[in-house]
Amino acid sequence: MTTPTKDHVELRSGAYADSVTLLQVSRAVQATPGVVAAQVAMATGLNLEVLEGMGFDIPGSSPNDMVVALRLDADADVPAALAAVDAALTPTRPTGGDTTIAPPRTTGSALRRSAPDAITLVSVPGASATVEAMDALEAGRDVMVFSDNVPVSEEVALKRYAASRGRLVMGPDCGTAVVDGVGLGFANAVRPGRIGIVAASGTGCQQLLALLHHAGETAEGVGVRHALGVGGRDLSSAVGGLATREALRRLDADPDVDLVVVVSKPPAPEVAEALTKETGALGTPVELGLLGRGQRDLTAVAEAVLERLGHTPPEWPVHGADNTGPATGPLLRGLFVGGTLCDESMLMASAALGPVRSNIPLSDDLALGDDLLVDDHTMVDFGDDELTQGRAHPMIDPTLRNEQLARAAADPATGVILLDLVLGHGAEPDPAALLAPAIAAARRDRQVPVVVSLVGTDLDPQGLDAQRDALVAAGAEVHLSNASATRRAIQLIEGAAR
Amino acid sequence: MSQPTVVTVGADMFADSVAGQAVDVERVDWRPPMPGTEADLAAVATDPRRPDANRRAVEAMLGVTAHLVDVAPASEVLGLEKGQFLHAGPPIEWARTSGPLRGALMGGAALEGLVDDPEDAVALFESGSSVSLEPCHHRSAVGPMAGVVTPSMWMWVLEDRATGRRTYCSLNEGLGKVLRYGAYSSEVLTRLRWMGDVLGPLLQAAVRGTEEATDVTGILTQMLQMGDEAHNRNRAGTLMLLRDLSPAMVSSGSDAGFDSKDVADVLRFVGGNDHFFLNLAMPACKLALDAGRDVPGSTMVVAMARNGTDFGVQVSGTGDEWFTGPAQVAEGLFLGDYGPDDANADIGDSAITETAGIGGFAMATAPAIVRLVGGTVPDALATTRRMHEITLAENPRWSVPVLEFMGTPTGIDVSKVCRTAILPQINTGMAGKVAGVGQVGAGLVTPPAEIFPKALAALAARVPSA
């Protein structure tokens, strides 16, 4: 028997909360008795599409309005559901202990009250990030811009100003940094050591952190002192390595850093060339890990670092290999939350299997349109700017990727599904709890092999072992190295073609 | 690089994550900027001229000391001729003038002998022949409320000794039925004539006869510590001015032919008018702000003014352009039987005090007036603290004892107003809507929000392309 449901939609103008908070609010409200579905979100274009997709009828609104959309068993459930919305929204704003002193409203105002060496971490929507970052630089402080969707012209303006004052801009579009052991944004908890990382790539940095940490269990002295994420576009022609140069200068000057590693998404050739020349002139040795066709993968870079420090690289762990049967079709589907991991897998897969279509394609002719599932090998980066406008990063909000996982699994052409899962500070407290059921569901009908690269350490707040075990139990084969996971997926597809 | 403390702006999750690593975190209570301003804010933020331009504008403003150097008729010091009228706020034509500005212009026309009966002036202003209207601000002057200045009115003359720059303001008439609130009865005109015949000339004799020119900026420093915020409360300032001028009023006044009754009348008039010093505070503020004008790239507000119809701002980086919107009606307390329906929209150049960082911005220092303008002492402290969110500097000279001698918030930044949607807080008097009524109350008001995005867009349009 189906019972009729009741939709309740209201707009709250003047109300605002960030997308992460609203996701938590939506989840809390969904758990309220009588609530069938709940979505509390700012009325951005992408969120309105999601709401319409859920069947809600949304009145005219602006992106500054908050939409409360509830589907309920009955009219009588409305008050309780709204009370749950209000309760979930209430504790999100810090109130400050002293009633006469309101919290600061701008970064500049906060910096007037804070320690002279304070680092600013900016994670407001991209259109407003530059203004906050500029406050920090103007106050003579370093800044990390977690926000994505920051126009490249603004990135250049920020980094030029920073360079003129000897300040460092970390990010945008690379949400990872470790500064003297403190993780900012998405960062893995690692043992301290004498390696410094400069990363024009967030998940590339995390991959390196995770591999080096794992190797450090047996290789004495292997650990990371600083990992400075300089932004995924820093080595593009437009930005020209402005922040990389400052980060290298800092690490070179740090007597506690013995070896510097530079890791990047595929850089602009002329910028890579200039960088290679400049790093050769530094006092501290530099290992370059710049992704590209014919270049080493990130795991090979980690191995080279270990060898330089006099250690033999370990076997990178793999779990759940028994789960994986033969490929169920001819095509490889990679669904990533990490852009650099997606890049790395594409480079490897296209060398072995031929063209790979993507929303972050290796060349323009391989671009995917709105339909992310086509009759080719595909790899999608769900962390790309276009898919995060007006919503949280997929490391926090897995909805879009999980939907696509179900679609890919249902496609008879899909032979293997390749996924990543990234742990660390800033990521979901229990991401496997959201991904494992989706993997299990994907494998239910056709036993599609699912290979996962799990980027994380045993010090991460989520617990590496528990996350891995949940994925293995759901039927995935789990690798610590993304390159190793990708090789495994390629091998399965090649086996099916034979 | 060593273990950092962290300021976070944005998702609480990242602040929690940093705090979870046992690192000190200061969280910014960020909210979206005024709608549609994101791109202009980014353009202005990354204007390479801005940081230095604002520093220069602020330093120039804070570097000014206003001295009282003369008192003289507007015809002499402003070159104002018969038929020329100055008024408060941005430019306006007769057809759009509000009741109090009309009343003041009508009274002014009668004072100058252009008409016998103020009521006859309506036809004169409607015809527009042989009369002209011009903002006080365009002649280095400021006028409280309607701010009407005519050639025969006597003006305070303030000077910045370092540059020789001067500003001007008329003499304060007192409260209630007065010209600046739009009243023009015979009692109002009689008082104005006495001010022209006795008050102005005696003050001139006193100022010219005082050895040390009165340091108006210095009096402001002291009065702020004595419970005046120098907009709605000027009691301590008025008495300090009297202390400085009264000896010379007696000695130079008698040399100039004034008898002891005149001197006594003037002392009684000034001492009995708690707002007398406002007309010195205002040009002192304008003198400081004018020094911060015309710095390319600067986002500092250099004037806020209202004509009873429009509220206008001028910004350092955009020259003499006015950005205007409809003036709001203040919230506050009313005299006698008057109520909100009787009040005209906000009027006067006196918001120059807030522009310079006193008045509503220094509310915390004036607990005695907090209730008059509708609030509690904690509200007053919070107001001053809140204004620091939208200003570029603290004025080290103007400090607030109850806030640990923190300087008053000074130099309104257009971009910070747009970022925070916090509007400047203005303490104000309320004029009656109908010409001739006079004052009906006092209270709190803010500018219309839309003028700040307009000014921001003009600043963004002037950013040189990279």
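The values are calculated or read from the model by the stated rules, or taken from the named source; none is laboratory data. Computed from a prediction, not measured in an experiment: that's the story for all the values here. All Cβ positions, glycine included, derive from the backbone under ideal geometry; neighbour counts span all protein chains shown. Note: areas computed on protein heavy atoms with side chains; ligands, DNA, RNA excluded. Shrake-Rupley method; radii C 1.70, N 1.55, O 1.52, S 1.80 Å.
The sole residue among B:Asp116, B:Asp70, B:Asp47 that is charged (D, E, K, R), surrounded by 17 or more Cβ atoms within 10 Å (Cβ to Cβ), within 19 Å of B:Pro151 (Cα to Cα) and at pLDDT 95 or above is B:Asp70. Where strands (runs of 3 or more DSSP E) fall entirely within the range B:266-346, those with at least 1 residues that are at pLDDT below 95 are at B:331-334. Here B:Leu78 clears all of (1) within 12 Å of chain A (Cβ to nearest Cβ); (2) touching a residue at least 24 places away in the same chain (Cβ under 8 Å) except the condition numbered (1).
Please work out if B:Val414 is within 14 Å of chain A (Cβ to nearest Cβ) and of a type in the set (A, V, I, L, M, F, W, C). When the stated conditions are applied, B:Val414 passes them.
Against the definition (more than 9 Å from chain B (Cβ to nearest Cβ), over 22 Å from A:Arg391 (Cα atoms) and surrounded by fewer than 24 Cβ atoms within 10 Å (Cβ to Cβ)), how does A:Arg113 come out, yes or no? Answer is no for this residue. Considering each residue of the range A:116-135, count those that are more than 7 Å from chain B (Cβ to nearest Cβ) and closer than 13 Å to B:Thr8 by Cα, and give that number. Final tally of qualifying residues: 3.
Taking residues in the range B:173-187 that are without any contact (Cβ under 8 Å) to a residue 12 or more places away in the chain, and partners anywhere that are part of a loop (DSSP other than H, G, I, E, B) and not hydroxyl-bearing (Ser, Thr, Tyr), the pairs with Cβ atoms closer than 7 Å and at least 6 places apart or on different chains are B:Glu187/B:Lys177. Scanning the range B:186-237 for residues that are under 18 Å from the mean Cα position of the chain (by Cα) and within 30 Å of B:Pro118 (Cα to Cα) yields a count of 2.
The criterion of at least 2 residues that are closer than 20 Å to A:Thr176 by Cβ is met by the following helices (runs of 4 or more DSSP H) wholly inside the range A:236-344: A:242-253, A:298-308. Is there a residue being in contact with a Leu (Cβ under 6 Å, 6 or more places away or on another chain) and farther than 24 Å from B:Thr190 by Cα anywhere in the range B:126-135? Checked the range B:126-135: at least one residue is in contact with a Leu (Cβ under 6 Å, 6 or more places away or on another chain) and farther than 24 Å from B:Thr190 by Cα. Can you find, within the range A:156-184, the residue that is surrounded by the most Cβ atoms within 10 Å (Cβ to Cβ) among those that are more than 7 Å from chain B (Cβ to nearest Cβ) and among the β-branched types (Val, Ile, Thr)? So, considering only residues that are more than 7 Å from chain B (Cβ to nearest Cβ) and among the β-branched types (Val, Ile, Thr), the one surrounded by the most Cβ atoms within 10 Å (Cβ to Cβ) is A:Thr176.
The condition (being surrounded by 24 or more Cβ atoms within 10 Å (Cβ to Cβ) and touching a strand residue (DSSP E or B) at 6+ places or on another chain (Cβ under 7 Å)) is satisfied by just one residue among A:Leu259, A:Leu211, A:Leu235: A:Leu235. When only residues in the range B:319-364 that are surrounded by fewer than 24 Cβ atoms within 10 Å (Cβ to Cβ) and touching a Leu at 6+ places or on another chain (Cβ under 7 Å) count, which is farthest from B:Asp290 (Cα to Cα)? Of everything passing the filter in the range B:319-364, B:Leu333 is farthest from B:Asp290 (Cα to Cα). Across the range B:127-154, the qualifying residues are those that are under 24 Å from B:Val313 (Cα atoms) and assigned to a strand (DSSP E or B), and the one among them that is farthest from the chain's Cα centre (by Cα) is B:Ser132. Filtered by the rule that a residue be facing chain A (nearest Cβ under 7 Å), surrounded by 19 or more Cβ atoms within 10 Å (Cβ to Cβ) and part of a loop (DSSP other than H, G, I, E, B), the range B:33-44 gives a lone residue, B:Pro33. Can you tell me which residue among B:Asp310, B:Asp290, B:Asp346, B:Asp342 is within 18 Å of the chain's Cα centre (by Cα), in contact (Cβ under 8 Å) with a residue 60 or more places away in the chain and under 14 Å from B:Gly429 (Cα atoms)? From the options B:Asp310, B:Asp290, B:Asp346, B:Asp342, the qualifying one is B:Asp346. Tallying residues that are open to solvent by less than 40 Å² (accessible area, probe 1.4 Å) and touching a strand residue (DSSP E or B) at 6+ places or on another chain (Cβ under 7 Å) within the range B:202-240 yields 13. Just one of the listed residues (B:Met223, B:Met195, B:Met155) is touching a residue at least 60 places away in the same chain (Cβ under 8 Å) and outside the structural domain of B:Ser399 (by TED's automatic domain parsing), namely B:Met155.
Against the test of being assigned to a helix (DSSP H, G or I) and more than 7 Å from every other protein chain (Cβ to nearest Cβ), the options B:Asp47, B:Asp70, B:Asp16 yield a single qualifying residue, B:Asp16. If you check B:Leu199, B:Leu278 for being crowded, with 19+ Cβ neighbours inside 10 Å and touching a His at 6+ places or on another chain (Cβ under 8 Å), only one passes: B:Leu278. For B:Ala256, the conditions (1) among the hydrophobic types (A, V, I, L, M, F, W, C); (2) open to solvent by less than 30 Å² (accessible area, probe 1.4 Å); (3) over 21 Å from the mean Cα position of the chain (by Cα) are fulfilled apart from (2). Among the residues of the range B:50-67, those identified as assigned to a helix (DSSP H, G or I) and either open to solvent by 30 Å² or more (accessible area, probe 1.4 Å) or within 17 Å of B:Leu287 (Cβ to Cβ) (or both) are B:Asp52, B:Arg55, B:Arg56, B:Ala57, B:Val58, B:Glu59, B:Ala60, B:Met61, B:Leu62.
Restricting attention to the range A:87-116 and to residues that are at pLDDT 90 or above and assigned to a helix (DSSP H, G or I), the residue that is farthest from the chain's Cα centre (by Cα) turns out to be A:Arg112. Please work out if A:Val222 is open to solvent by less than 10 Å² (accessible area, probe 1.4 Å), part of a loop (DSSP other than H, G, I, E, B), within 14 Å of chain B (Cβ to nearest Cβ) and in contact (Cβ under 8 Å) with a residue 12 or more places away in the chain. Criteria not met by A:Val222. Considering (1) under 30 Å from the mean Cα position of the chain (by Cα); (2) surrounded by fewer than 14 Cβ atoms within 10 Å (Cβ to Cβ); (3) modelled with pLDDT of 85 or more, the lone condition that A:Ala76 does not fulfil carries the number (1). If I filter the range B:369-377 for residues that are more than 30 Å from B:Gly103 (Cβ to Cβ), free of Cβ contacts under 8 Å to residues at least 12 places away in the same chain and open to solvent by 50 Å² or more (accessible area, probe 1.4 Å), do I get at least one hit? Yes. Checked against (1) more than 7 Å from chain B (Cβ to nearest Cβ); (2) open to solvent by 10 Å² or more (accessible area, probe 1.4 Å); (3) in a loop (DSSP other than H, G, I, E, B), A:Ser153 passes all but a single condition, namely (3).
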